[in-house]
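The values are calculated or read from the model by the stated rules, or taken from the named source; none is laboratory data. Note that the structure is a prediction, hence the values are computed from the model and not measured. Positions of Cβ are generated from backbone atoms using ideal geometry, with glycine treated the same way; all protein chains shown enter the neighbour counts.
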Amino acid sequence: MKELMKQPSSWLPNGIKLNLSDQFRPFSFTEELQIRLEELLEKNKENLLNSDEQAELAGLLELEKIFSFINAKLAS
């Protein structure tokens, strides 16, 4: 059975950057993961994603939402 979404936690060991000196955005993607997200978004616009890439994009977008929430809470 194909994954509908790659688990966001799968990127925690290698895809996450913590910058405590940035009070508004301490949690973010590494440069490599940010580039991958942008590649997937471009392919998605052109309807060129395969099912694995769709699952990967869904997981990255979910992780991005989680980071936005955490960063907003920490900044307030």
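Structure values in brief
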read-out: Where a residue in region 33-58 is free of Cβ contacts under 8 Å to residues at least 12 places away in the same chain and its partner, wherever it lies, is in a helix (DSSP H, G or I) and surrounded by 15 or more Cβ atoms within 10 Å (Cβ to Cβ), with Cβ under 7 Å and at least six apart; value: LYS43/GLU53; LEU49/LEU40; LEU49/LYS43; LEU49/LEU57
read-out: Matching option when the condition is modelled with pLDDT of 95 or more, within 28 Å of SER76 (Cα to Cα) and exposed (fewer than 11 other Cβ atoms within 10 Å of the Cβ), among GLU31, GLU46, GLU62; value: GLU31
read-out: Matching residues in region 34-52 - criterion: being out of contact with any helix residue (DSSP H, G or I) (no Cβ under 6 Å at 6 or more places or on another chain) and of a type outside the set (S, T, N, Q); value: ILE35, ARG36, GLU38, GLU39, LEU41, GLU42, LYS43, LYS45, GLU46, LEU48, ASP52
read-out: Scope region 1-28; condition surrounded by fewer than 10 Cβ atoms within 10 Å (Cβ to Cβ), farther than 21 Å from LEU74 by Cβ and in contact (Cβ under 8 Å) with a residue 40 or more places away in the chain; matching residues; value: LYS2
read-out: For PHE67: the one exception among (1) modelled with pLDDT under 95; (2) surrounded by 13 or more Cβ atoms within 10 Å (Cβ to Cβ); value: (1)
read-out: Matching residues in region 14-72 - criterion: being in contact with a Pro (Cβ under 6 Å, 6 or more places away or on another chain), hydrophobic (A, V, I, L, M, F, W, C) and within 21 Å of LEU4 (Cβ to Cβ); value: LEU63
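Let's see how each residue does on (1) part of a helix (DSSP H, G or I); (2) touching a Cys at 6+ places or on another chain (Cβ under 6 Å); (3) aliphatic (A, V, I, L, M):
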{"residue": "GLU3", "(1), (2), (3)": "no, no, no"}
{"residue": "LYS6", "(1), (2), (3)": "no, no, no"}
{"residue": "PHE24", "(1), (2), (3)": "no, no, no"}
{"residue": "ARG36", "(1), (2), (3)": "yes, no, no"}
{"residue": "LEU49", "(1), (2), (3)": "no, no, yes"}
{"residue": "LEU61", "(1), (2), (3)": "yes, no, yes"}
{"residue": "ASN71", "(1), (2), (3)": "yes, no, no"}
{"residue": "LEU74", "(1), (2), (3)": "yes, no, yes"}
